[in-house]
Amino acid sequence: MKVKGLRWWIIGLIFIATVINYIDRTAFALLWPQMGEDLGMDKSDYAVMLNVFMACYAIGKFASGKLYDTIGTRLGFTVSIIVWSIASAFHAFARGIVTLSIFRGLLGLGEAGNWPGAVKSNGEWFPVKERAIAQGIFNSGASIGNVIAPFIIVFLYTKFGWQTTYIILGAVGILWVIPWLFLNKSTPEKHPWVTEKERNLILDSRIDKGKEDVAKVKSLSVVKILSYKQSWGVLLCRFFIEPIWWFFAGWMPIYLNDKFGLSIEEIAATMWISYLMAAVGSILGGMFTKELMKKLSVDAARKITITLGGALILMAFVCIITLVKENNFMTFIYFAGLALFGFQFAIGNIQTISSDLFRGPSVGTLAGLAGTIAAVSPMIMNWFVGQITTQSYTPAFIAICVSVVLGVVAIFGLIKHIEPVRKTIEL
């Protein structure tokens, strides 16, 4: 049996996994009021839980990158989603800060694997010219997850309560593993369902243009990967650019309440618009890059898209600073959506640079390192925002503008040409 366009089925499953990922992590914030009351915990305990998740998430990014390079994307994704689904279900049995901390940490470790796994899978399954759009499809899952999570969580909670809601969410993640293992039987080199045309399309764009099993090729060491300045371009760009997403994820509800006095219901009824715009940015960013690559090099196409995305983010924040008034919160919602659109427009290309620079066995390691950096910088940002926003959020907005510029400069300054760091890697 042959399946036409099998690579699109693979990325479709990764998209669904990403939606599940974001629903699972969003459930905590939505269910916390009742959870905290039932478990006798307060806001200070909630802050501890957030930090436990982010710390384990940062560790999990690097650890999962190495895991995927060791056991492959098929089993790597299976391990990641089983770990985070079990952790999600275990939330139902939490009895206090100790057990809940364990479950939050386990959730962070498992969920972290989704991103380096997707980058590595896209490097395996997609030719260079299609990787940005594949990454865009995957990234849009985060935005879609944010859009639909409140509706799903509130529905389940209303019907079953918070404990059963967590169990249901965990079960959904476990069920995802069935089609994943069924469809993703092997890499494109050996998959029995890949057509010869699709296999050649995928393999002919690889760095070595070979058809050997990438699992037999040794991964570069972390030290060796970091010896290339191109790797530092990826890491620094992620460090500077990633806090933008987490700023909106962590601070937008608080900002809407502080500045406009919106209730929880009003925030939920409007914030989804910004994330829907982000989802559109994910797809269009990939499509835009693909069209550019028909006429331009990979280097030029990626850098143009990243620059344009950064420019949209800057434009959005300048408009937020100068045009948002006290009585018009929808203006902020749309400009926030523009900033998230620009972020997602660019981030797919930034994430997939790892697979442009290295062969498959090393892609997961660099992607995992980048993911760890991308988890650490929002933690710094959270502290920074908390310190400087006692009177106004404008200093935070200005800092983000500077961070965007530094992220784009890191790409241009440290990656002169987005291409393989070396043409051949020893077996």
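The values are calculated or read from the model by the stated rules, or taken from the named source; none is laboratory data. Here the structure is a predicted model, which is why all the values come from computation and not from measurement. Please note: Cβ atoms are built from the backbone with ideal geometry, for glycine as well, and neighbour counts cover all protein chains shown. Surface accessibility is based on the protein's heavy atoms, side chains included, excluding ligands, DNA and RNA. Shrake-Rupley method; radii C 1.70, N 1.55, O 1.52, S 1.80 Å.
Looking only at residues in segment 176-204 that are aromatic (Phe, Trp, Tyr) and in contact (Cβ under 8 Å) with a residue 12 or more places away in the chain, which one is most open to solvent (accessible area, probe 1.4 Å)? By that ranking, first place goes to Trp193.
Residue-by-condition table, conditions (1) open to solvent by 60 Å² or more (accessible area, probe 1.4 Å); (2) modelled with pLDDT under 95; (3) closer than 27 Å to Gly368 by Cα:
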position	(1), (2), (3)
Ala112	no, yes, yes
Lys120	no, yes, yes
Ser143	no, yes, yes
Gln163	yes, no, no
Tyr166	no, no, no
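Here the condition is being part of a helix (DSSP H, G or I) and modelled with pLDDT of 85 or more; of Val48, Val52, it holds for Val52 alone. Being among the aromatic types (Phe, Trp, Tyr) and open to solvent by less than 10 Å² (accessible area, probe 1.4 Å) holds for only one residue in Phe260, Phe240, Phe247, Phe288, and it is Phe247. For Ala29, the conditions (1) within 26 Å of Ile168 (Cβ to Cβ); (2) open to solvent by 30 Å² or more (accessible area, probe 1.4 Å); (3) touching a helix residue (DSSP H, G or I) at 6+ places or on another chain (Cβ under 7 Å); (4) hydrophobic (A, V, I, L, M, F, W, C) all hold with the exception of (3). Of the residues making up segment 311-333, just one is under 18 Å from Ile273 (Cα atoms), in contact (Cβ under 8 Å) with a residue 24 or more places away in the chain and surrounded by fewer than 16 Cβ atoms within 10 Å (Cβ to Cβ), namely Met330.
Here is a yes/no grid of residues against (1) under 25 Å from His91 (Cα atoms); (2) in a loop (DSSP other than H, G, I, E, B); (3) at pLDDT 90 or above:
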site	(1), (2), (3)
Val154	yes, no, no
Val177	yes, no, yes
Leu181	no, no, yes
His191	no, yes, yes
Asn200	no, no, yes
Ser205	no, yes, no
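Filtered by the rule that a residue be among the small types (Gly, Ala, Ser) and under 17 Å from Ala29 (Cα atoms), segment 111-153 gives Ala142, Ser143, Gly145, Ala149. In segment 45-64, the residues that are at positive phi and open to solvent by 20 Å² or more (accessible area, probe 1.4 Å) form no Cβ pair under 9 Å with any partner that is not in a helix (DSSP H, G or I) and not β-branched (Val, Ile, Thr), whether six or more places apart or across chains. Restricting the search to segment 1-24, which residues are charged (D, E, K, R) and open to solvent by 30 Å² or more (accessible area, probe 1.4 Å)? Matches in segment 1-24: Lys2, Lys4. In segment 218-237, the count of residues that are more than 30 Å from Pro33 (Cα to Cα), modelled with pLDDT under 85 and not polar (S, T, N, Q) is one or more. Just one of the listed residues (Ala375, Ala370) is within 28 Å of Ser297 (Cα to Cα) and either hydrophobic (A, V, I, L, M, F, W, C) or modelled with pLDDT of 90 or more (or both), namely Ala370. The condition of being over 20 Å from Asn51 (Cα atoms), open to solvent by 10 Å² or more (accessible area, probe 1.4 Å) and not hydroxyl-bearing (Ser, Thr, Tyr) holds for Ala269. If you go through segment 72-96 and keep only what is part of a helix (DSSP H, G or I), over 21 Å from the mean Cα position of the chain (by Cα) and surrounded by fewer than 24 Cβ atoms within 10 Å (Cβ to Cβ), you end up with Ala89, Phe90, Ala92, Phe93. Here Ile380 meets each of (1) surrounded by fewer than 17 Cβ atoms within 10 Å (Cβ to Cβ); (2) closer than 17 Å to Pro253 by Cα; (3) modelled with pLDDT under 90; (4) not charged (D, E, K, R) with one exception, condition (2). Taking the conditions (1) surrounded by fewer than 20 Cβ atoms within 10 Å (Cβ to Cβ); (2) under 23 Å from Glu419 (Cβ atoms) in turn, Ile353 satisfies each one other than (1).
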